[in-house]
1. Could you tell me which of the pairs 26/78; 62/96; 26/83 are separated by over 23 angstrom between their Cα atoms in the structure shown?
2. How about region 49-92: which GluC sites (Glu not before Pro) there lie in a loop by DSSP and see at most 11 other Cβ atoms within 10 Å?
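Just so it is clear, none of the values below were taken in a lab; they were calculated from the coordinates. These figures come from a predicted structure and were not determined experimentally. Heads up, the Cβs are rebuilt from the backbone with ideal geometry, glycines too, and the neighbour counts pull from every protein chain shown.
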Amino acid sequence: MYENGTDTNLTFGRFENFISTGINAKLTQDQFNSLVGLRYNVGALGEINRLLPYLESGSYEKSTLRNIINSHYDAIIKSKPDKEKYKVGWYSRTEKTLEIFFDGNYGDMPIDAVNGKVIIQ
């Protein structure tokens, strides 16, 4: 599938491969899907301080995962204050990621992480 000249299936395949090979943890399908979406949006999960070791610990709490992800966004804003305008959207995206990771609730996500397609409404 192409969106804006980009083959979204290839893009998601690359991110799926990273999650499959870059994280040494047993993940449910929903956890895997949420991390593919997070990887797609953030660019590199390894850039999120403490995320990979936390995931590999295998013991997950929503509030801890939220703090790890949002602290990454806060660090971006601290170093680049012009990015403040994205904070509400980033935090909202974090909540959607957590809903998938912990509850399998895909709600109204604009990305079908299971099939690797962008949903245009």
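1. Exceeds cut-off: 26/78; 26/83.
2. Those that pass, being in a loop and sparsely packed, are 61.
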